[in-house]
Amino acid sequence: MSRKISKHISYKEATKSYTATKYGIDNTPNKEELKRMRKTSKNVFEPVRDYYGVPIAVTSFFRSKPLNKRIGGSKTSQHRTGEAIDIDADVYNKITNKQIFNYIRKYLIFDQLIWEFGNDKNPEWVHVSYDYEGNNKCEVLVAYKNKLGKTKYKYYG
């Protein structure tokens, strides 16, 4: 098995999870999930990384079914299939998450692009997914917490 998902994403980085380690959860993708991860990387992460030419942190990529359940993820989360990635440029302070968000929105094909929390100037991180089958809807959303602290989504703009 190749130890790289793409030019700039290692297998370890794509499957790392504090929660999986803490609770002894296996977070190993199967061959189909690995193919989906590679396609997601090729179509959404690598173009951004190549355009800006600076490191961008991968904060969440693949999540096995037990891991996704443990963290309370959606049963239909594309992280489950290797088709979604959370990225955070603020970790390295070279570019902003807003720059990443705007670049993806303007130049790439994607399934969902989510401005994850943060404020009006910059998201805390950027969630982007890519449909392996090519049925990308280019849906742009903003994640926020309602008065009860529950995560909700609204259309961007």
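Connecting C-alpha atoms closer than 10 Å in a GNM of the chain, tell me which of ILE25, ILE100, ILE56 has the biggest fluctuation.
Residue with maximal mean-square fluctuation among ILE25, ILE100, ILE56: ILE25.
Please compute the Cα-Cα pair-distance distribution of the chain with 10 Å bins starting at 0, giving whole percents from short to long.
Per 10 Å bin, starting at 0, the Cα pair percentages come out as 11, 41, 38, 9, 0.
Label TYR155 and LYS106 with points 7 Å out from Cα along Cα→Cβ: what is the distance between them in nm?
About 2.2 nm, to one decimal.
How far apart, in nm, are the 7 Å Cα→Cβ label points at ASN119 and LYS12?
Here the answer is 3.6 nm between the modelled labels.
Given the rule -39500 (n - 2.57) for each run of at least 4 DSSP H residues, summed and divided by the residues of the chain, what is its mean residue ellipticity at 222 nm, to the nearest 500 deg cm²/dmol?
-7500 deg cm²/dmol
Compute the length gained on full extension between ALA57 and GLU139: take 0.36 nm times their separation in residues and subtract their Cα-Cα distance, giving the result in nm to one decimal.
This chain segment gains 27.2 nm when fully extended.
PRE reach from LYS42 (point 7 Å along Cα→Cβ): which of segment 1-24 fall under 17 Å by backbone N?
2-11
Can you give the relative contact order of the chain as a percent, counting alpha carbon pairs under 8 Å and 6+ residues apart?
Once normalised by length, the contact order is 19 percent.
So which trypsin sites (Lys or Arg not before Pro) in segment 57-157 pass both tests, a DSSP loop state and at most 14 other Cβ atoms within 10 Å of the Cβ?
In loop regions of segment 57-157 (DSSP not H, G, I, E or B), the sparsely surrounded trypsin sites (Lys or Arg not before Pro) are LYS75, LYS94, LYS121, LYS137, LYS147, LYS150.
For a quick check of your reading of the filter: which chymotrypsin sites (Phe, Trp or Tyr not before Pro) in segment 60-157 sit in a DSSP loop and have no more than 14 other Cβ atoms within 10 Å?
Details: sites: PHE61, PHE62, TYR92, PHE101, TYR103, TYR107, PHE110, TRP115, PHE117, TRP125, TYR130, TYR132, TYR144, TYR153, TYR155, TYR156; in loops: PHE61, PHE62, TYR92, PHE110, PHE117, TYR130, TYR132, TYR156.
Qualifying residues, ordered by number: TYR92, PHE117, TYR156.
Over the chain, with a Gaussian network built from C-alpha contacts below 10 Å, which listed residue (SER77, SER129, SER60) shows the highest mean-square fluctuation?
SER77
Roughly how big is segment 4-155's charge dipole about its Cα centre, with Cβ charges of +1 (Lys, Arg) and -1 (Asp, Glu), in debye to the nearest 20?
On the way: 29 positive and 17 negative charges, 71 e Å.
Result for segment 4-155 is approximately 340 debye, rounded to the nearest 20.
Mind checking which of ASN102, THR59, PRO29 is farthest towards the positive end of segment 4-155's charge dipole, using Cβ charges of +1 (Lys, Arg) and -1 (Asp, Glu) about the Cα centre?
PRO29
Read the figures in this text as sums done on the coordinates, not as results from a lab. This one's a predicted model, so the numbers in the text were calculated from it and none came from an experiment. Backbone-built Cβ (ideal geometry, glycine too); neighbour counts: all protein chains shown.
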